[in-house]
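Here the structure comes first, spelled out in structure tokens, and everything after it is commentary.
A short reminder: the numbers here are calculations on the coordinates, not readings from a lab. What you see is a predicted model, and the numbers here were worked out from it, not measured in a lab. With ideal geometry, Cβ positions are generated from the backbone for all residues, glycine too; neighbour counts draw on all protein chains shown.
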């Protein structure tokens, strides 16, 4: 396997692509640890390789991570725009997709959008986690 620099300045490796399930599991772990920018970057690896509906789903997750990153950095305008995009992108995949509870995630993102637009006070306990579709509430 060789390593090269991409046009964006990122280091990329040539060889077999990582297993999408493993990459998604890593992204979910990053999201649930509030490492939203890392999650965004990890999901882009999958999104670039996918097409069709799968690409739309990953784009929604990327927007969710980016929107929450903006929210935590108190960029309310950026957060509200990107969170609305995430909600719009993920809604067609309700109630679950790829074994993930999309319904719960979208409901949580809607609460965060309310906070970003000032309709609700900021309450960090309402930031959602990505859960497995068969998992109950935490």
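Listed highest first by mean packing, meaning other Cβ atoms within 10 Å per residue, what order do 45-52, 22-29 come in? Walk me through the intermediate numbers first.
On the way: 45-52: 13.9, 22-29: 16.6.
Result, highest mean Cβ count within 10 Å first: 22-29, 45-52.
Run through all the Cα pairs of the stretch 84-138 and give the fraction in each 10 Å bin from 0, expressed as whole percent.
Distribution as computed: 26, 50, 22, 1 percent.
Taking R0 as 22 Å, what FRET efficiency do you get between residue 129 and residue 96 from their Cβ-Cβ distance, rounded to the nearest 0.05? Intermediate values should be presented prior to the final figure.
Numbers: r = 14 Å, r/R0 = 0.66.
Once the sixth-power term is evaluated, E becomes 0.95.
Applying a 10 Å radius around every beta-carbon, put 124-132, 97-105, 61-69 in order of their mean neighbour count, most first.
On the way: 124-132: 15.0, 97-105: 19.1, 61-69: 25.1.
Going by the mean number of other Cβ atoms within 10 Å, highest first, we get 61-69, 97-105, 124-132.
Measuring from the lowest to the highest alpha carbon on each principal axis, how far does the stretch 18-126 reach, largest first, in angstroms?
39, 25, 20
With a point put 7 Å past each Cα toward its Cβ, work out how far residue 25 is from residue 120 in nm, to one decimal.
Between residue 25 and residue 120, the simple spin-label model gives 3.2 nm.
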